[in-house]
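Before any comments, here is the structure.
FYI, it's all coordinate maths here, none of it is from the lab. From a predicted model like this one, the values you see are computed outputs, not experimental measurements.
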Amino acid sequence: MTASVGRKKDAVYDFVLERLVDGQFRFGERISTSLIADATGASRQPIMSALQTLRSQGFVRIIAQVGCEVISPTLREIEDFYLLLGRIEGVLAELAASRGSREEVDELRRVNALIEKLPRNRPDSGLKYRALNREFHGIYHAMARSPKLHEEQVVNWAMSDFLIIQTYGFLPHLRGAAEEHEQIIQALAQGGRDAARSAAEQHINSVSHLVTSNIRGGAPAAPKPVKKPRLSSRNSLRAL
């Protein structure tokens with residue numbers, strides 16, 4: 001693949017992914033390659049290459065003689081995805097507890113304070129929460145000092161944003177998010193690896209609970225309460 005084709009592929013990938021996570025492309029919707037070509041100026045080769053990447057990441061299906069369409073995941077597939085997301089997020093939090101710095105924990109507190117201040121009755125708060133939430137998780141991903149795990153989780157977070165926007169959107173996730181984040185922060189601050197892993201996994205479980213409640217057709221029930229981790233003062237966070 002030449003450099004110019006590679007750049008076109010990246011532009012097409014970003015174009016389609018942005019519309020998936022913004023909810024412009026919905027479950028089961030056909031994605032028009034002519035629309036992509038008109039919007040990006042890309043030829044068939046980079047368009048198909050980008051769509052194949054999105055297919056491998058689970059966002060779209062490519063059907064021979066039919067075309068490309070957005071996935072329509074089953075409830076079980078969504079539950080399985082969030083189980084995986086939570087497990088990896090837990091490992092990253094566990095590593096962050098022993099590898100991060102106090103300055104990074106302070107940065108987590110700063111971002112979470114902004115999340116806590118977001119009005120829960122304003123539509124734009126949902127998208128603001130999405131950006132701040134990604135920043136929050138990105139900080140302790142960096143604390144884990146595991147680029148490979150972080151790279152895999154970047155795609156998983158895009159998938160989670162996609163699933164959230166296809167259901168209730170981000171606003172309902174504001175309920176309880178800051179409190180769940182605070183449990184993660186406390187565990188990281190005291191170097192509690194097990195507590196950090198547990199708090200991170202329970203946070204993702206709350207996200208899964210809200211998303212799957214919509215798929216089942218019910219109201220967005222309150223997330224399951226987060227158990228406060230037991231922390232030991234002997235496991236204080238080691239500065240780098």
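A few remarks follow.
- Prolate/oblate/rounded label for the range 67-150 (Cα gyration tensor, a/c 1.5): oblate
- Residues whose amide H falls under 5 Å from that of Phe25, counting only those 5 or more places apart or on a different chain, are Leu20, with hydrogens built in the peptide plane.
- Global geometry of the range 1-92, whether rounded, prolate or oblate, following the gyration tensor of its Cα atoms and the 1.5 cut on a/c: prolate
- Between amide H atoms placed 1.01 Å from N, distances below 5 Å from Val60 occur with Arg55, Ile71, all of them 5 or more places distant or on a separate chain.
- Across the range 100-111, coupling constants 3J(HN,Hα) worked out from phi with the 6.51/-1.76/1.60 Karplus curve, θ = phi - 60°, read x, 10, 4, 4, 5, 5, 4, 5, 4, 4, 4, 5 Hz, and Gly and Pro carry x.
- The mean sequence distance of close C-alpha pairs (under 8 Å, at least 6 residues apart), as a share of the length of the range 75-235, puts its relative contact order at 36 percent.
- Expressed as a whole percent, the proportion of Cα-Cα pairs in the range 40-84 lying more than 15 Å apart is 53%.
- Straight-distance candidates among the aspartates and glutamates for linking to Lys117, with alpha-carbon spacing under 18 Å and chain neighbours fewer than 8 residues away dropped: Asp106, Glu107, Glu135, Glu179, Glu180, Glu182.
- Viscosity 1.567 mPa s, temperature 4 °C, Stokes-Einstein D of the range 15-68 from Kirkwood C-alpha radius, µm²/s: 114
- Remark on Ile31: its backbone amide H falls under 5 Å from those of Cys68, Glu69, Val70, a criterion applied only to residues 5 or more positions apart or on other chains, H modelled at 1.01 Å from N.
- On full extension, the segment bounded by Ser34 and Asp22 gains 2.3 nm, given 0.36 nm per residue less the C-alpha separation.
- Dimensionless Rg/Rh of the chain - Kirkwood Rh, Rg from C-alpha atoms: 1.01
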